[in-house]
Structures are given as structure tokens and as C-alpha cells.
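The values are calculated or read from the model by the stated rules, or taken from the named source; none is laboratory data. Just so we're clear, the structure is a prediction, and the values are computed from it rather than from any experiment. Every residue, glycine among them, receives a Cβ derived from its backbone with ideal geometry; neighbour counts consider all protein chains shown.
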Amino acid sequence: DAKTTQPPSMDCAEGRAANLPCNHSTISGNEYVYWYRQIHSQGPQYIIHGLKNNETNEMASLIITEDRKSSTLILPHATLRDTAVYYCIVPIYGYSTLTFGKGTMLLVSP
Amino acid sequence: NAGVTQTPKFQVLKTGQSMTLQCAQDMNHNSMYWYRQDPGMGLRLIYYSASEGTTDKGEVPNGYNVSRLNKREFSLRLESAAPSQTSVYFCASKSTTNEKLFFGSGTQLSVL
């Protein structure tokens, strides 16, 4: 997978927006950006993915810069249940496997 | 729709014992995966099966074997368990149309 860089941890107040950054400066033109999260002791859960346009679903929004070298996952109104490790992944096009790094530990506090 | 089902949820083994972790998916996915996760670390790929009848090594395959029994089932076997294999094991599946992985709830394995 294309290398991604995420901060190891972030804090967010409950009810505020959580903005999680990811750098992927070596991304190729046909590679997507995927986000997953892992709540303590559970299996990772898919959140959202995108190629170059901004995307939104019921869980989050994904903002990808015009040069596609970085992206931001936005949780618009974070809740305590959003406390988790968030993984940004750029799978290599045509390969079957996904590599999970250490991600960002998001702590949402009351 | 159960998704990805793993059994057992918990297991304690003695060094040298063998066991098989079972995984089944009901989403008609072609690809299936086994990951392990150690405390404070990300997930590491053990083995994967891109389609029925094929299996390939991942990042940490030593000490494990796998069987893609059919399209639904992908098992992971520890022939002679070692304390270094104490970990949480996750099975996942994925369709060929995108990179959306669906994970099971995990198996917590302790080898004494």
C-alpha cells in the first residue's frame, strides 16, 4: 500500500467536529483513500473511501486535497462512542491485500 | 445477514498444542484474510485467499497454515502453538469490486 502518515493520537470534545488528517504524498492517480476505525477489542469497521472528490455518508465526510497528497476524515459531531483508532489506507491498485498501520487514536471526552 | 463469523471467541492453549480457527462469510465474497493484532500494534496479515482455491502468504505466515475450504470458509491452523502466537486473530472478507473489508469479531488466543 502507498505509505500514509497519521498523528498517533488526537483529542476531541464531545459534540465538536473531529478532523483526522492523513498524508499520502506517494499516492498514484488511480488509488483510492480508505478509512477504517477500530473500537477497542472489536474488528475494524469500514467508514468511507474516495478517489478525488469529497465524499460524505452517514458516518463521516472525507475531504481530499486537489493534489491528492493528503486527506481529512471529519466526524461532524463526535460522540463518546467515536473513541477508537482510525486507520487511513491507500491500497495499491490491483493488489488483493490491505496494510493497516498504527493509525490515530481518537479520544472523545465529555 | 451474519457477515463474517469467527469461532471460537476465546481459546487457551498449552505450548505445542494444535488448533484450528474457523471463519465463514455469507456475503459471497471472493477474497478472505487472516490478520493478527498484538497489544498496541496494528493488524498484520498472516495469510489471504484472493479466490476459492488459492492462498498466499502475508506479512507473518510462519507457524500457521490455512485452508480455503470453499467460497464461504477460510480456516487458520496452528500446528504447534507457541507463546509468541498469543494474540487476537481477525478474519475478514472483501468483494472484488472495492477495498471494503468486513471483519469478524475476533478470536482471543492465549498460549501458555
### Message
What pairs come out if I take residues in segment B:33-45 that are polar (S, T, N, Q) and pair them with residues that are modelled with pLDDT under 90 and in a strand (DSSP E or B) whose C-beta lies under 9 Å away, six or more apart or interchain?
### Response
B:Gln37/B:Leu43
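Yes/no matrix, rows are residues, columns are (1) touching a residue at least 60 places away in the same chain (Cβ under 8 Å); (2) within 24 Å of A:Arg37 (Cβ to Cβ); (3) under 13 Å from the mean Cα position of the chain (by Cα):
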| position | (1), (2), (3) |
| --- | --- |
| B:Ala2 | no, yes, no |
| B:Phe10 | yes, yes, no |
| B:Leu13 | yes, no, no |
| B:Val60 | no, yes, yes |
| B:Ser95 | yes, yes, no |
| B:Glu99 | no, yes, no |
### Query
How many residues are without any contact (Cβ under 8 Å) to a residue 40 or more places away in the chain and over 22 Å from B:Met32 (Cα atoms) when one looks only at segment A:51-110?
17
### Query
Can you name every residue in segment A:75-102 that is away from chain B (no Cβ under 14 Å) and among the hydroxyl-bearing types (Ser, Thr, Tyr)?
A:Thr79, A:Thr83
### Query
Which residues, taken from segment B:66-112, are farther than 14 Å from B:Gln6 by Cα, part of a strand (DSSP E or B) and modelled with pLDDT under 95?
B:Lys94, B:Leu101
### Message
Every residue in segment B:82-112 that is β-branched (Val, Ile, Thr) and more than 10 Å from chain A (Cβ to nearest Cβ), please.
### Response
B:Thr86, B:Thr97, B:Thr107, B:Val111
### Task
Give the number of residues within segment B:45-93 that are buried (at least 17 other Cβ atoms within 10 Å of the Cβ), in contact with a Phe, Trp or Tyr (Cβ under 7 Å, 6 or more places away or on another chain) and among the charged types (D, E, K, R).
1
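Would you check if B:Glu73 is more than 23 Å from A:Ser41 (Cβ to Cβ), touching a residue at least 24 places away in the same chain (Cβ under 8 Å) and under 13 Å from the mean Cα position of the chain (by Cα)?
The answer is yes for B:Glu73.
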## Note on the structure
Checked segment A:1-20 for anything farther than 23 Å from A:Thr97 by Cα and free of Cβ contacts under 8 Å to residues at least 60 places away in the same chain; matches are A:Asn19
### Spans of strands (runs of 3 or more DSSP E) in segment A:1-74 with at least 1 residues more than 14 Å from the chain's Cα centre (by Cα) and either within 14 Å of chain B (Cβ to nearest Cβ) or surrounded by 12 or more Cβ atoms within 10 Å (Cβ to Cβ) (or both)
A:9-13
### Query
Looking only at residues in segment B:31-65 that are among the small types (Gly, Ala, Ser) and not in a strand (DSSP E or B), which one is farthest from the other protein chains (Cβ to nearest Cβ)?
B:Gly63
